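What follows is a short report on a single structure.
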Amino acid sequence: MRNSVERIHQMVAKEFIQIFRDKRMKAIVFVIPLLQTMVFGYAVTMDVNNIPTAVYDLDRSPESRELVRRLSASSYFDVRYAPGSPAEVQDLLDRSRVTVALQIDRGFSADLHRRIPAAVQLLVDGTDSNTGIVALDYANRIILKYARDLAPAGSAPPVRIDLRQRAWYNPELKSKNYNVPGVIAMVIMLTSLLLTSMAVVREREIGTMEQLMVTPLKPVELILGKTIPFAIIAFFDMILVTVFGILVFDIPIRGSLVLLPLSTAIYLLSVLGIGLVISTVAKTQQQALMSTFLFYMPAVLLSGFMFPLENMPDLFQYLTFINPLRYFLVIIRGLFLKGNGIDILWPQMAALLVLGSVVITLSVLRFRKRLG
Amino acid sequence: MKFIRIKAIAKKEMLQIIRDPLSLAMGFLMPVLLLLIFGYAISLDVNDIATIVLDLDRSSLSRELVTDLTASGYFKVVRHAEHHREIGDALDAGAARVALTIPTGFSGDINARRTATLQVIVDGSDSNTATIALGYIAALSDIYGRRIGGVSLAPIIEIRARVWYNPELKSRNFIVPGLIAVIMMVIAALLTSLCIAREWERGTMEQLIATPVKTPELILGKMTPYFLIGFIDMGFSVTMAVMLFAVPFKGSLFLLSVISGVFLFGGLSFGIIISIITKSQMVSSQISVVATYLPAFLLSGFMFSISNMEKPLQVLTRIVPARYFVAILKGLFLKGSSVRFLIADAVFLLIFAVVTFAVANRKFEKRIG
């Protein structure tokens with residue numbers, strides 16, 4: 001037993017020397033998680049604001065200007081152009097300079113004064129369907145609000161409903177609070193998969209695997225020696241993103257600081273296991289890289305990281321049950337934002353434990369077979 | 001530069017690829033898989049938001065409001081709560097994302113024409129869904145209020161909305177064209193970023209150096225087979241987009257091919273630069289993820305619109321080549337854009353291709369050590 005520990009220790013030491021002999025790897029282990037945190041913290045948002053807008057105002061009346069003022073006063077529309085002809089409107093949309101064009105025809109204010117419905121035209125670039133839907137919705141609301149404000153005073157008050165809204169866990173509805181904890185899960189997955197699978201395959205590709213096999217290392221020790229270093233790097237990345245997220249992006253962490261490393265460890269079982277399985281399938285680093293991506297991309301897309309699972313067709317929802325990322329995302333967001341404890345997160349942790357045991361067993365069996 | 005030497009290197013690389021059928025198969029499988037997921041699984045529309053209702057009023061008016069919510073298709077009542085505590089539990093456990101409380105006296109207030117109160121709590125952790133859900137509830141309760149109050153629904157301003165280019169606002173039409181750019185970039189990153197580093201690692205670079213092949217010939221020869229694979233993937237993707245997903249293609253196929261060729265050339269040259277600089281497959285693979293895959297995915301405007309990003313990032317997207325290709329693809333597919341509209345973006349891709357190829361040639365040192 002003591003020998004075994006010693007051998008694993010040596011193997012881990014060798015692995016670290018090998019990874020970090022290339023000084024660039026040290027930088028990579030730092031930079032990749034931080035870059036991803038930055039991009040997801042700043043860039044990735046489905047929130048729609050500052051929609052580039054053109055207003056073609058043919059009426060040029062106080063009423064039409066008031067409508068335009070209301071549009072630009074909301075943070076949703078950024079009125080950038082005042083085209084002078086329909087051709088210009090068309091051109092702005094064709095060139096994607098604007099997403100929305102509002103045309104106020106001559107007679108708008110006159111119609112309003114005569115209390116007959118006045119028409120405005122709203123042109124929306126539907127290429128980006130998400131922005132298109134939201135833009136239509138916002139524009140409708142602002143224009144209808146204006147219409148109602150114009151309604152004659154003294155008419156019977158409609159039923160008024162006071163909607164008291166509150167958002168729990170993330171009161172200002174900031175997308176970074178949702179995305180940054182998720183980055184931890186993604187970074188751990190990509191780093192562990194790629195490093196594990198490539199490190200094993202590299203030994204095979206450059207022929208040093210045979211040298212390892214003539215050493216007294218037992219297969220299980222070899223596996224541990226190959227995975228422990230990447231588990232350590234994954235833990236390091238987890239702490240790095242957590243600290244960075246809290247300090248730079250002001251992400252709250254409301255849950256237990258013990259559960260975070262514990263659940264990370266359980267999650268690593270599956271992820272490292274999958275990395276090992278890939279390493280038994282791939283013969284070259286090229287294959288390892290391709291297989292990693294072939295697994296990683298669907299895993300991210302079908303995890304609920306960016307796209308809610310509820311909106312997916314049933315078949316794809318079932319597929320997500322074998323996706324470790326799915327469970328870890330619930331855990332990590334629960335820990336950061338909701339302050340969930342083990343009483344709520346145990347089903348996800350149990351699922352990860354089961355999934356992890358299955359994958360690890362499978363990978364060890366396959367790995368031994370490949371060695372023998 | 002001799003064509004025969006480019007051909008020889010291309011042939012060698014081609015043989016090497018064919019001897020690795022697994023990688024080749026994955027190179028073809030990747031676009032198909034991504035298109036299937038984006039075409040079938042992912043939708044940006046928010047429907048059936050899990051909702052828990054605590055109806056303390058228990059009146060026909062309160063029930064009517066709940067019916068309005070579910071009939072809209074946006075909300076799905078997963079539970080009728082009896083007590084406030086249940087709301088906290090359901091949101092904590094993620095069983096519901098929205099909790100609607102109708103207080104006692106809701107119908108009384110309405111009948112007395114007083115302002116009636118509704119309480120909505122959303123799970124804000126998914127900020128996007130939460131924002132949309134709040135918007136829907138506000139709109140639905142507004143319509144409800146006006147209907148119950150007997151107010152005419154016709155406002156004084158009539159909005160004539162028209163949606164151009166994608167009249168039904170299908171998210172598939174929006175995502176799939178841009179996805180093709182992402183796929184091209186990923187292929188370029190995954191395939192070429194290893195192809196030079198591999199030769200160094202295995203020691204076969206020395207043999208190549210010993211041959212009379214010149215740097216540009218070597219790089220062009222190396223790129224040729226990947227260019228072919230990329231182009232086949234492109235053909236696959238466009239065919240799938242049009243045939244399977246019924247995304248309209250309004251532009252010119254000839255323009256598409258020419259511009260794709262330029263983009264692919266730039267993308268592959270970029271992968272080769274990474275491979276040349278790192279000389280290590282492990283480092284290469286990591287860098288190519290950061291330098292090509294992530295920007296193409298996140299900063300190209302393929303899904304996350306650039307005008308919503310913070311200003312410094314918007315500036316950063318200007319150097320992401322995929323951004324220009326995404327704009328071109330969306331234009332070609334949905335708008336049927338002509339050369340006149342695409343030329344600015346296409347020129348950038350051309351500059352990118354020329355510069356990366358030149359850099360790749362400069363960086364490659366045909367000597368050992």
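For region A:250-260, the condition holds for no residue, the condition being that it is under 22 Å from A:Y178 (Cβ atoms), within 18 Å of the chain's Cα centre (by Cα), at pLDDT 90 or above and more than 14 Å from chain B (Cβ to nearest Cβ). For region A:45-80, filtered to residues that are of a type in the set (V, I, T) and buried (at least 21 other Cβ atoms within 10 Å of the Cβ), the residue that is nearest to A:I104 (Cα to Cα) is A:V55.
If the condition is being assigned to a helix (DSSP H, G or I), in contact (Cβ under 8 Å) with a residue 24 or more places away in the chain and surrounded by fewer than 22 Cβ atoms within 10 Å (Cβ to Cβ), then region B:241-256 contributes B:L255, B:L256.
Scanning region A:239-262 for residues that are under 19 Å from A:N170 (Cα atoms) and not in a helix (DSSP H, G or I) gives A:F249, A:D250, A:I251, A:P252, A:I253, A:R254, A:G255, A:S256. Here region B:96-113 is the region considered, the condition is being in a loop (DSSP other than H, G, I, E, B) and out of contact with any helix residue (DSSP H, G or I) (no Cβ under 8 Å at 6 or more places or on another chain), and the residue that is surrounded by the fewest Cβ atoms within 10 Å (Cβ to Cβ) is B:A112. The residue that is nearest to the chain's Cα centre (by Cα), among those in region A:121-143 that are at the interface with another protein chain (Cβ under 7 Å from one of its Cβ atoms), closer than 20 Å to B:A133 by Cβ and surrounded by 20 or more Cβ atoms within 10 Å (Cβ to Cβ), is A:N130. Within region B:93-133, the set of residues being more than 18 Å from B:E64 (Cα to Cα), modelled with pLDDT of 85 or more and facing another protein chain (nearest Cβ under 9 Å) comprises B:R97, B:I121, B:V122, B:D123. For region B:134-187, which residues satisfy the criterion of being at pLDDT 80 or above, of a type in the set (F, W, Y) and touching a strand residue (DSSP E or B) at 6+ places or on another chain (Cβ under 8 Å)? B:Y136, B:Y144, listed by residue number.
Can you work out which of the residues in region B:75-92 that are assigned to a strand (DSSP E or B) and of a type in the set (K, R) is nearest to the other protein chains (Cβ to nearest Cβ)?
Among those residues, the one meeting the criterion is B:K76.
The set of residues in region A:293-337 being assigned to a helix (DSSP H, G or I), more than 11 Å from chain B (Cβ to nearest Cβ) and without any contact (Cβ under 8 Å) to a residue 40 or more places away in the chain consists of A:Y318, A:F321, A:I322, A:R326. Among the residues of region A:26-38, is any within 12 Å of another protein chain (Cβ to nearest Cβ), surrounded by fewer than 14 Cβ atoms within 10 Å (Cβ to Cβ) and either farther than 29 Å from B:M309 by Cβ or touching a strand residue (DSSP E or B) at 6+ places or on another chain (Cβ under 7 Å) (or both)? Checked region A:26-38: at least one residue is within 12 Å of another protein chain (Cβ to nearest Cβ), surrounded by fewer than 14 Cβ atoms within 10 Å (Cβ to Cβ) and either farther than 29 Å from B:M309 by Cβ or touching a strand residue (DSSP E or B) at 6+ places or on another chain (Cβ under 7 Å) (or both).
If you go through region B:290-306 and keep only what is on the phi < 0 side of the Ramachandran plot and more than 7 Å from chain A (Cβ to nearest Cβ), you end up with B:A291, B:T292, B:Y293, B:P295, B:A296, B:F297, B:S300, B:F302, B:M303, B:I306. Only one entry of A:R95, A:R24, A:R106, A:R69 meets the criterion of being outside the structural domain of A:A199 (by TED's automatic domain parsing) and in contact with a helix residue (DSSP H, G or I) (Cβ under 9 Å, 6 or more places away or on another chain), and that entry is A:R95. Evaluated against (1) modelled with pLDDT of 90 or more; (2) of a type in the set (G, A, S); (3) touching a Ser or Thr at 6+ places or on another chain (Cβ under 7 Å), A:A265 falls short on exactly one condition, (3).
Scanning region B:308-341 for residues that are closer than 11 Å to B:L256 by Cα, more than 12 Å from chain A (Cβ to nearest Cβ) and surrounded by 24 or more Cβ atoms within 10 Å (Cβ to Cβ) returns a single hit, B:F325.
Out of curiosity, is B:A90 in the same structural domain as B:V247 (by TED's automatic domain parsing), more than 31 Å from the chain's Cα centre (by Cα) and among the small types (G, A, S)? First the steps, then the outcome.
Details: in the same structural domain as B:V247 (by TED's automatic domain parsing): no; more than 31 Å from the chain's Cα centre (by Cα): yes; among the small types (G, A, S): yes.
Here the answer is no, as B:A90 does not meet what is asked.
Of the residues making up region B:198-208, those that are facing chain A (nearest Cβ under 9 Å) and crowded, with 19+ Cβ neighbours inside 10 Å are B:R198, B:E201.
The values are calculated or read from the model by the stated rules, or taken from the named source; none is laboratory data. Model, not experiment: these values are computed from the prediction. Positions of Cβ are generated from backbone atoms using ideal geometry, with glycine treated the same way; all protein chains shown enter the neighbour counts.
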